[in-house]
């Protein structure tokens with residue numbers, strides 16, 4: 001098995017043959033970021049039940065109150081499902097609906113103090129590195145940090 005096909009086989013079925021090393025590494029980084037922490041860990045930590053929409057909604061609402069339609073768009077769900085998400089969060093005391101002072105015909109969804117605490121808990125969990133990072137030496141972590149800094153530095157490639 002080639003290195004390329006081996007990487008592809010471990011990337012959730014992505015067909016990256018011929019895409020090159022950068023594409024394989026990027027796919028691996030995306031998979032790592034998307035899979036850790038697992039949605040189950042986040043839901044269990046907050047007792048939110050199934051579906052990741054509730055967690056996403058909490059995080060979006062940390063930016064401030066949002067209309068139901070804006071929240072639906074941000075979470076990438078349709079309006080009826082966004083209503084179910086907000087109803088569920090409201091039942092748990094994490095959000096509240098408030099009148100929109102700029103448009104009395106609509107309501108805004110806002111985090112309660114308990115919702116703000118829950119969102120902070122999510123952020124703490126999401127910032128914990130996967131266990132594999134503990135197997136890296138300080139020098140390896142320094143290298144990884146520098147590489148990420150170079151890749152993300154204003155869209156500029158390495159100086160040279």
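Worth a mention:
- Per residue, the convex hull volume that the Cα atoms of segment 39-125 enclose (Å³): 84
- Sites residue 145 and residue 47 - FRET efficiency at Förster radius 41 Å, r taken between beta-carbons, to 0.05: 0.75
- For segment 39-125, averaging the sequence separation of C-alpha pairs within contact (under 8 Å, six or more residues apart) and dividing by the residue count gives a relative contact order of 31 percent.
- At an R0 of 22 angstrom, the distance between the Cβ atoms of residue 31 and residue 62 translates into a FRET efficiency of 0.30.
- Ranked by the mean number of other Cβ atoms within 10 Å per residue, highest first, peptides 31-37, 57-63 order as 57-63, 31-37.
- Relative contact order for segment 16-160: 20 percent, from Cα pairs under 8 Å spaced at least 6 residues apart, divided by residue count.
Since every read-out is calculated from the coordinates, none of them should be taken as a lab result. Remember, it's a predicted structure, so these values are computed and weren't measured experimentally. Cβ sites come from the backbone with ideal geometry, for glycine too, and all protein chains shown count toward neighbours.
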